[in-house]
1. Rounded to whole Hz and in sequence order, give me ³J(HN,Hα) for the range 569-581 from the Karplus expression 6.51 cos²θ - 1.76 cosθ + 1.60, θ = phi - 60°, writing x for Gly and Pro.
2. For the chain, find the longest principal axis of its Cα atoms and tell me its angle to the long axis of helix 321-335, 0 to 90°, nearest 10.
3. Sort the following peptides by mean Cβ neighbour count (other Cβ atoms within 10 Å, averaged over residues), highest first: 439-450, 221-232, 574-585, 320-331.
4. Rounded, prolate or oblate: which one fits the range 445-601, using the alpha carbon gyration tensor with axes a ≥ b ≥ c (rounded when a/c is under 1.5, else prolate when a/b beats b/c, else oblate)?
5. How far is it, in nm, from the label point at ASP528 to the one at ASN552 when both lie 7 Å from their Cα along the line to the Cβ?
6. Calculate, in nm to one decimal, what ASN729 and MET36 gain on full extension: separation in residues at 0.36 nm each, minus their alpha carbon distance.
7. Describe numerically, in nm with one decimal, the distance between label points set 7 Å from Cα along Cα→Cβ at LYS583 and at MET506.
8. For the range 36-190, compute Rh as the Kirkwood radius over C-alpha pairs and then the Stokes-Einstein diffusion coefficient at 37 °C and 0.692 mPa s; write the answer in µm²/s, rounded to an integer.
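The values are calculated or read from the model by the stated rules, or taken from the named source; none is laboratory data. These numbers come from a predicted model, not from an experiment. Reconstructed Cβ throughout: ideal geometry from the backbone, glycine too, with neighbour counts over all protein chains shown. For accessibility, only protein heavy atoms count, side chains too; no ligands or nucleic acids. Shrake-Rupley method; radii C 1.70, N 1.55, O 1.52, S 1.80 Å.
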Amino acid sequence: MSETMSTNEEKKLPLNGRRAIPPNNSNDEENEVPEMEAFGVIPRGFNPRDYLRVLDIYMFKDPHEINKQQHHTDKYYNPKLIVRRGQSFQIQIHFNRPYKPETDQFWLEYLMGRYPQQNKGTYIPILVGNVLKPGEWGAKIIHRENDTIRLSIMSSASCIIGKFRLYVAVWTPFGILRTRRNWETDTYILFNPWCQQDAVYLDDEKEREEYVLNDVGIVFHGNVEDIKSRSWSYGQFEENILDACLFLMDKAELELSGRGNPIKICRVASAVINSRDDNGVIAGSWNNTYDYGVAPSAWTGSVDILLEYYSSKQPVRYGQCWVFAGVFNTFLRCLGIPARLITNYSSAHDNNANLRLDFFLDDEGKVDTRLTKDSVWNYHCWNEAWMTRPDLPVGFGGWQVVDGTPQETSDGMYRCGPASVQAIKHGHVCFQFDAPFVYAEVNSDIFYSRREKNGTQVVENIDTTHIGQLIVTKEVGGDGMMNITEEYKFREGSDEERLALETAVMYGVKKQSTRDTAYQPQTDVDMDFQVQKAVLGNDFKVTVTFRNRSRNSYTATTYLSGNIVFYTGVTKSEFKKHSFSAKLQPSSSSSFDIVIKSSEYMSDLLEQASFHFFVTARINETGKILAMQKAAVLEIPTLRIKTKGELVAGKEMSVIVEFTNPLKQTLENVTLRLEGPGVLRTIKKEFGRIQMNSTLIWEVKCTPIRPGLRKLIASLNCDALRHVYGELNVQIQKP
């Protein structure tokens, strides 16, 4: 074939023997639609101007006009018409003369993609009728005046979502006349949680305001003993974010015809949010080096990440679980799927989904890092999306777990979900998708085993309560925490919990029973330990407490190992080893303090300032081992945010960010970020260094766009100190 192939041929995709039409999986591509579609030979005297002609179409697409107000889409920073499916909207058509219903015939056509087809839902012709049926495509005239008519249009409650092109077609005896391609009339159709027939219908108005319309959220992190929170800007209404989210579905090559189904959308999105195996949005990095990218802790929201990906089409560096979950939440809320960000404290990453995490101890009772492959994440963030599950038996709709963080593959790709929360709670892990993996994240037991010289394994201790101790999300309508552990599991030790576990095992979750292993624990001595709350850069203590409930005296050889860990529970280095002998008097409790000096941990500290302590004690008289592990997080200093000037939409104001360096060292290469949806776009500033005890002050001028309660979010980042945040609620007045 010659190189000067015509552009027409170039655009034709290679067909294969199985399908007459190439795959239609881009919302962006278009076909050419003829303005005159002749029925045969056109007679000489035919003049299209003799027939009804469309001069203009008015879309009522401004934020204050009826469509965006009624469809709850007035917050989108997007000039085009945005409506939700299954609910009527209005347009007005201006003809060249008054419309005569007896002789004139016209209809509307909505098209999507390059190969529109009626049976795929990508070509939708709508005839004008007298009556609108709820949740089905239709149009009726609600007002006629001179040369204009006003139409009320109903979309199907299950139609595909995305950007449609609109044409008006007029019938003439010799052919169909169409309006020419007009970008002004493009119409976005989104999911509709306000419509009872929509698969994502949510019946509580306060919940819809939180899970669909709130553009700021809270990420809970830290650990179960010391919960921390920070704000995250979802920014689902910001400029170009809707187009970026639709592009993600193109990138994931989801057929346009499947885009009305929230189950399919969630499944492909959980793969495309991470960059593993498909060059998706965010590249994960858990190794504390973030060259040529942004440290995960520096991001303050999703907007920068999505816009960078939309323009560069290359993975954005770097993310960890809350970044994947934050961006995924933006995607879901932007398309109209109710969504919330979840934190599971002490989350199991169980490599072989056998509901047990194996920690192997050596002869001294220390954890053998060579043999131990499973890990406990201090916390792990995922998302829940709200939808019906017609593919499952009744009762498994509602909140579904979806997770964009790449942990394990599912059907060959790094993705997870949607898995029904209700099915996980009751142990019905046979229902798609990935329920066994999520079940293990919240329900595994920790086995401490020792390998004897002859190779047999002896289980020394089993901890059944450590994993999935607390599962939380932001409360509706406030910044507080809502405990949703009971949505995922029955009360520890209850009959229902046992039954759910037996059900999960019946459905193929592997679980080795404790009967298979010789396990006789020491039952008359309890051990616990507490880590004192401490501020970064200060000394603190760990207190180990024994309670001897027997009438015997015991001595316990006790070993404490302090490790600096990634929040995923993977150890970077052991910074503290301490062993002592504890005398345990009959029927009494005794406590022992171990001091941790800042000089022991500061040089190796990782960004989340996370420690992991193992305490193992051998009762010398019986040879039995008691074992326990806990995570601890240091208090990290915060940023202070203030405002100056009047807080009025359209008027210039100042935001001031202050930070005092509390460390006994100079901070180098400091980056500050500040953002606030509706107030200011993300701004970054680099500062060379901040001396010990000195204060940095940064003033930013901005003009807020939207009135109402808004949130400013700031982060500070440098190699020695990460996860430094500040936030401020501001009430922007109407001008």
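1. Karplus-based 3J(HN,Hα) across the range 569-581 equals x, 7, 7, 9, 7, 8, 10, 9, 10, 8, 10, 8, 9 Hz.
2. 20 degrees
3. Values: 439-450: 23.7, 221-232: 20.5, 574-585: 15.1, 320-331: 27.9.
The packing order, highest mean first, is 320-331, 439-450, 221-232, 574-585.
4. Working: a/c = 1.64, a/b = 1.12, b/c = 1.47.
Here the range 445-601 falls in the oblate category.
5. Each label point is offset 7 Å from its Cα along the Cβ direction, giving 2.4 nm.
6. Numbers: separation 693, 0.36 × 693 = 249.48 nm, distance 5.63 nm.
Extra length available between ASN729 and MET36 comes to 243.9 nm.
7. According to this spin-label approximation, the distance is 5.5 nm.
8. Numbers: Rh = 16.3 Å.
Rounded, D is 201 µm²/s.
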